[in-house]
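Structure first, then comments.
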Amino acid sequence: MQEKLEIGQIVNTFGIKGEIKISPFTDDIRRFDDLEYVYVRTKKETKLYKVENVKYHKNMVLMKLEAINTLEQAEMLRNAFLEVDREHAVPLKEGTYFIADLIGLDVYTDEEKLLGKVEDIYNTGANDIYVVKDELGKQILLPGTKEVIKRVDLEKEKIIVHLIPGLI
């Protein structure tokens, strides 16, 4: 399991005093209220920052980080990812999982046929979509519903799905 979990991506700056605009990767956007520190991971490095202030605007998070005080400094962080230590992650409800823990798991049908590995998971608003890629590179898109996703077994690193008619 990964030690750090991504909670958002810096998509822009906000204002002239070094604030950043973040696209959150969490179901509960208010989880940012409790952050004292975040890691900012750029292509070159990962650096720990103290969180000074958090606000919200149109489903985006506006954040002020200590030592980022100008528009130019904030601009250098554009496209970087925000991470937290797993131990500081928000506890999940029963039957829910961190996307980072699902990526790479083998996906089997309830008839024991291997479909491939989870390559990505994205949210459409209605539900998550699991992107499963087989060994030939073919992608299968599976809705993250109870009718399709039957069991997730992190210890055995596999997901069992039920293919409803017309799904693939």
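The values are calculated or read from the model by the stated rules, or taken from the named source; none is laboratory data. It should be emphasised that the depicted structure is a prediction, and the values quoted were computed from it without experimental measurement. Cβ: placed from backbone, ideal geometry, glycine included. Neighbour counts: every protein chain shown.
Name every residue in the stretch 98-107 that is surrounded by 14 or more Cβ atoms within 10 Å (Cβ to Cβ) and touching a strand residue (DSSP E or B) at 6+ places or on another chain (Cβ under 8 Å), in order of residue number. Steps first, please.
Within the stretch 98-107, the subset surrounded by 14 or more Cβ atoms within 10 Å (Cβ to Cβ) is 98-103, 105-107.
F98, I99, A100, L102, I103, L105, D106, V107, listed by residue number.
Screening the stretch 124-144 for residues that are loosely packed, with under 12 Cβ neighbours inside 10 Å and either at pLDDT below 90 or acidic (D, E) (or both) and picking the one that is nearest to I103 (Cα to Cα) gives E135.
Would it be correct to say that A80 is in contact with a Leu (Cβ under 8 Å, 6 or more places away or on another chain) and in contact (Cβ under 8 Å) with a residue 60 or more places away in the chain?
Numbers: in contact with a Leu (Cβ under 8 Å, 6 or more places away or on another chain): no; in contact (Cβ under 8 Å) with a residue 60 or more places away in the chain: yes.
Taking the combined requirement at face value, the residue does not satisfy it.
Look at I29 and say whether it is outside the structural domain of G125 (by TED's automatic domain parsing), of a type outside the set (D, E), over 25 Å from N127 (Cβ atoms) and surrounded by fewer than 18 Cβ atoms within 10 Å (Cβ to Cβ). No. Scanning the stretch 1-40 for residues that are more than 11 Å from A74 (Cβ to Cβ), among the basic types (K, R) and either touching a Gly at 6+ places or on another chain (Cβ under 8 Å) or assigned to a strand (DSSP E or B) (or both) turns up just one, K4.
Quick grid of which residues meet (1) crowded, with 17+ Cβ neighbours inside 10 Å; (2) among the polar types (S, T, N, Q); (3) in contact (Cβ under 8 Å) with a residue 24 or more places away in the chain:
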{"site": "I22", "(1), (2), (3)": "yes, no, yes"}
{"site": "T70", "(1), (2), (3)": "no, yes, yes"}
{"site": "V90", "(1), (2), (3)": "no, no, yes"}
{"site": "T109", "(1), (2), (3)": "no, yes, yes"}
{"site": "K117", "(1), (2), (3)": "yes, no, no"}
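Could you run through the stretch 43-61 and say how many residues are within 19 Å of K4 (Cα to Cα) and either in a strand (DSSP E or B) or touching a Lys or Arg at 6+ places or on another chain (Cβ under 9 Å) (or both)? Even if it seems obvious, please write down each step before you answer.
At the first step, the residues of the stretch 43-61 found to be within 19 Å of K4 (Cα to Cα) are 43-51.
If we keep only those that are either in a strand (DSSP E or B) or touching a Lys or Arg at 6+ places or on another chain (Cβ under 9 Å) (or both) as well, we get 46-51.
Going through the stretch 43-61 one residue at a time, the tally reaches 6.
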